[in-house]
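Participant: Before we start, here is the structure in question, set down as structure tokens.
The values are calculated or read from the model by the stated rules, or taken from the named source; none is laboratory data. Only a predicted model underlies this, so the values are computations on that prediction, with no experimental measurement involved. Note that each Cβ is placed from the backbone with ideal geometry, even for glycine, and that neighbours are counted across all protein chains shown. Accessible surface areas use protein heavy atoms only, side chains included; no ligands, DNA or RNA. Shrake-Rupley method; radii C 1.70, N 1.55, O 1.52, S 1.80 Å.
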Amino acid sequence: WSWEENKLFEVALAVVDEQQPDRWEVIAAIVGGEKSAEDMQKHYVVLLEDLQYIGSGKLDHKLGGEPQPVCWTNGDNNILGSSGHKLIHLDSLDTAGY
């Protein structure tokens with residue numbers, strides 16, 4: 001998974017309702033590329049495991065020095081990566097057609 005795919009995945013998780021019957025297909029469409037709905041579900045399980053590990057307090061926060069921002073939005077509501085390149089415009093995420 002690329003950094004951009006991960007960010008799109010995270011945004012898609014936030015905007016696609018958990019109760020939507022074809023949720024993983026919609027998320028796969030938002031992420032784009034060659035990844036399937038099954039890939040989305042598997043990646044979600046990995047994300048949950050990572051969050052559980054981080055929440056357990058076992059993560060050594062001293063490894064990388066000072067934390068660095070990796071994602072933010074600009075004034076036009078675009079999600080930006082750490083290098084400042086535009087990834088997606090939040091208002092463009094219309095899941096109603098899925």
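Participant: In nm, to one decimal, how far is the S56 label point from the S36 one, both placed 7 Å along Cα→Cβ?
Facilitator: Between S56 and S36, the label points sit 3.0 nm apart.
Participant: Another question, if that's okay. At 1.4 Å probe size, with no ligands or nucleic acids counted, give the accessible surface of V46 in Å², nearest ten.
Facilitator: The value for V46 is about 70 Å².
Participant: To the nearest 20 Debye, how big is the dipole of region 3-56 about its Cα centre, given +1 on the beta carbon of each Lys and Arg and -1 on that of each Asp and Glu?
Facilitator: That gives region 3-56 a dipole magnitude of about 80 debye.
Participant: Right, next: Return one whole number: the accessible area per residue of region 3-56 in Å², for a 1.4 Å probe.
Facilitator: Ligands and nucleic acids excluded, the result is 62 Å² per residue.
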